[in-house]
Amino acid sequence: MTTCPTRASAIPEMDGELAYPRSNGEPVFAAPWQSRAFGMVVDLHKAGQFPWDEFKQRLIAEIRAGRPADVPADTSEYYYQWVEAFSRLVVETGLLDEGEIAAREREFQTGIRQEVF
Amino acid sequence: MFEPHSHSDAHGHHTWNEPSKIEARVRALESLLVEKGVTTHDSIDTLVAAFENDLGPMHGAKVVAKAWTDPAYRKRLEQDGTSAIAELGYRGLQTEHVKALFNSDTDHHVWVCTLCSCFPWTLLGIPPVWFKSAPYRARIVSHPRGVLAEFGLVLPDGVKVHVWDTSAEQRYLVVPQRPAGTEGMSEEALAGLVTRDSMIGVGLALTPAQAGGAS
């Protein structure tokens with residue numbers, strides 16, 4: 001249903017089977033965080049953690065709310081909204097706790113934790 | 001904001017660059033979800049790779065090429081796009097209800113998701129950046145001919161332009177017109193003429209000459 005992903009490689013160039021016209025080959029994910037965020041949402045959905053609609057409705061709500069002042073007005077805006085919608089979803093469905101997300105986020109920001117793995 | 005953060009508050013680590021807030025958030029989510037056993041890094045890797053490699057416009061192109069060459073299939077596609085597409089094995093995420101829109105000498109179809117970015121991933125892969133841009137979403141509705149012209153598609157005045165807005169329940173796939181001079185081509189070769197843009201409606205199928213050279 002809805003929404004879309006992110007990726008820093010070009011939209012898949014299918015083995016020359018399709019000769020893409022201009023405007024293909026542009027980055028769809030502008031940064032790795034976008035493809036990870038995309039992958040997590042789809043992965044959890046496919047694993048049965050939530051119906052797609054649960055995510056979609058939150059994404060729509062984020063998009064309707066518009067761009068927060070601290071989010072750049074470029075193509076990454078969409079993925080900020082994606083991450084925000086996903087963050088709410090995992091908290092509201094009880095998968096994660098808001099406090100632990102914030103704490104872990106600080107660990108990455110300060111460098112206490114540097115690897116995702 | 002995606003450039004490495006090189007400012008001096010990086011605490012003197014040699015290779016560590018302070019992540020932006022959004023990067024830190026995404027890393028936090030992934031590491032917590034993996035720790036709790038909800039997912040794995042490999043699973044996410046595999047999924048992202050699948051979207052890159054296994055899903056994509058070549059699937060939609062096969063649907064179109066079959067519709068060009070098989071009149072009975074075309075009829076089924078007209079009557080029930082979802083079922084006809086499922087015949088080829090394409091179903092699932094984002095492709096549940098698909099209506100095929102057939103371009104002709106008199107009618108041109110183009111679709112958009114004005115609300116967010118609904119896109120039939122299975123058939124067309126990951127949506128292009130412009131598809132998600134606010135300008136495309138707004139202007140294709142208000143000024144379709146102008147937007148199409150910006151894509152290099154100038155339609156004759158006699159052609160009626162139809163703009164379709166996707167929803168969670170309804171997806172679209174444009175079946176572009178079969179290019180002239182393709183009478184003897186195989187279905188597989190024809191699929192090579194069908195671009196992602198032509199299935200959104202912002203382009204036409206390639207001619208054999210365009211597909212053969214750098215178009």
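The values are calculated or read from the model by the stated rules, or taken from the named source; none is laboratory data. Predicted model, so just to flag it, every value in this text is computed and none were measured. Note that each Cβ is placed from the backbone with ideal geometry, even for glycine, and that neighbours are counted across all protein chains shown.
One residue is enough: does the stretch B:194-210 have a residue meeting the conditions farther than 28 Å from B:Thr82 by Cα, of a type in the set (S, T, N, Q), at the interface with chain A (Cβ under 10 Å from one of its Cβ atoms) and not in a loop (DSSP other than H, G, I, E, B)? Within the stretch B:194-210, one or more residues are farther than 28 Å from B:Thr82 by Cα, of a type in the set (S, T, N, Q), at the interface with chain A (Cβ under 10 Å from one of its Cβ atoms) and not in a loop (DSSP other than H, G, I, E, B).
Considering only residues that are surrounded by 17 or more Cβ atoms within 10 Å (Cβ to Cβ), out of contact with any helix residue (DSSP H, G or I) (no Cβ under 6 Å at 6 or more places or on another chain) and aliphatic (A, V, I, L, M), look in the stretch B:132-154 and name the one that is nearest to B:Pro120 (Cα to Cα). Top of the filtered list is B:Leu148. Checking the conditions here, which among A:Glu84, A:Glu107, A:Glu100, A:Glu92 is surrounded by 14 or more Cβ atoms within 10 Å (Cβ to Cβ) and more than 8 Å from every other protein chain (Cβ to nearest Cβ)? On inspection, the qualifying residue turns out to be A:Glu84. When we screen B:Leu148, B:Leu190 for residues that are farther than 21 Å from B:Ile85 by Cβ and assigned by TED's automatic domain parsing to the domain that holds B:Pro71, the only hit is B:Leu148. Listed by first and then second residue, the pairs linking a residue in the stretch B:66-77 that is aromatic (Phe, Trp, Tyr) to a residue that is part of a helix (DSSP H, G or I), with Cβ atoms under 7 Å apart and 6 or more places separating them unless they lie on different chains, are B:Trp68/B:Leu190; B:Tyr73/B:Lys66; B:Tyr73/B:Ala67; B:Tyr73/B:Ala84. Of the residues making up the stretch B:162-192, those that are over 30 Å from A:Leu59 (Cα atoms), surrounded by fewer than 17 Cβ atoms within 10 Å (Cβ to Cβ) and not hydroxyl-bearing (Ser, Thr, Tyr) are B:Gln177, B:Ala180, B:Gly181, B:Glu183, B:Gly184, B:Glu187, B:Glu188, B:Ala189. Residues in the stretch A:1-60 that are of a type in the set (Lys, Arg), under 20 Å from A:Tyr80 (Cβ atoms) and at pLDDT 65 or above: 3 in all. The set of residues in the stretch A:57-74 that are at the interface with another protein chain (Cβ under 7 Å from one of its Cβ atoms) and surrounded by 19 or more Cβ atoms within 10 Å (Cβ to Cβ) comprises A:Leu59, A:Ile63.
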